[in-house]
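Reviewing the structure listed below.
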Amino acid sequence: MSTPALIGVAAFRGRYTARSIQLGEDPEVLVPLLRRIWTDTFGRDTDALAAALLARNWWSLAVNPKPRRWHRQPPIAGLGYPAVTGNDTIRQGSLREDLDGFDEWMYLLRPDQRLLVVYEATVHGRWLRHSVHHLDPVEDLFVTAPALDEGGPEMTVCTVCGAVDEIDHVEVPSMAGYGHDTATSCTRCGSSVATDPMFGAHLTRKPWPPHAPTTGDAKGGSR
């Protein structure tokens, strides 16, 4: 669902610089889109992607934007549609500040780590870290990523859904009679990897985003 969002670059101690996207998208849509733009348009140059995103406010992002008669500004090839309003303010703030707008999501690049960190607006008027995504996904199900805050602990990230430190790990003596059986799973998406001394590792990647619920359950936690 398209909602107002912010996109930009993270700085030290929770600071950020960002631009607005009038028709932003949920992470399930925007994260794969940004990966394609990063690869197809910028040749995996994260600094170039960040500079382009911060050059203007946006109506929407697109890999192959087409000219539109009703859009007063031409599209930016390989990137998207600039905002049509006259307000061209760049936003600088802190994740610790209270929210004062209608933005539902914020996407912050960390160019030095090739990471995209997603935050969601909560009913309490604060930004809550939703997920962390490698711009270049790896084959491993769970990876260790550098701390977002200087000097903080490393993070364990699920490469399927981007969940951070939402991992269950169980280790028991193996029924094979030697060694241990292990099971590591993501509590958000259910993806898992199980190991045993006889057969090695068995990896299960669950569908993400999950299939739409049949009961129409509303999403909680956002404003």
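The values are calculated or read from the model by the stated rules, or taken from the named source; none is laboratory data. Model, not experiment: these values are computed from the prediction. Cβ placement follows ideal geometry from the backbone for every residue including glycine, while neighbour counts extend to all protein chains displayed. These accessible areas exclude ligands, DNA and RNA; they are computed on the full protein's heavy atoms, side chains included. Shrake-Rupley method; radii C 1.70, N 1.55, O 1.52, S 1.80 Å.
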Theoretical ellipticity at 222 nm over the chain - DSSP helices of four or more residues, -39500 (n - 2.57) apiece, nearest 500 | -2500 deg cm²/dmol
With volume of the Cα convex hull per residue in Å³ defined as stated, name the option among [x] 176; [y] 157; [z] 117 computed from the structure displayed.
-> [y]
Carbon and sulfur atoms: what percent of the 1.4 Å accessible area of the chain do they account for?
-> 53 percent
Note down the relative contact order for the chain as a percent, whole number, built from C-alpha pairs under 8 angstrom at least six residues apart.
-> 15 percent
With springs only between Cα atoms under 10 Å apart, run a GNM on the chain and tell me which of E25, E171, E97 wobbles the most.
-> E171
With the 1.4 Å probe rolled over protein heavy atoms, the chain has an accessible area per residue in Å² of 56 Å²
Pop a pseudo-label 7 angstrom from the Cα along the beta-carbon direction at both D149 and L23 and give the gap in nm to one decimal.
-> 3.8 nm
With DSSP loop assignment and no more than 14 other C-beta atoms within 10 Å, the trypsin sites (Lys or Arg not before Pro) in region 67-139 are R68, R69, R72, R96, R126
For D88 and A201, extending 7 Å from Cα along the Cα-Cβ vector and measuring point to point gives, in nm, a value of 4.9 nm
Once Lys and Arg get +1 and Asp and Glu get -1 on their Cβ, which of H202, I21, G162 lies farthest toward the positive end of the dipole of the chain?
-> I21
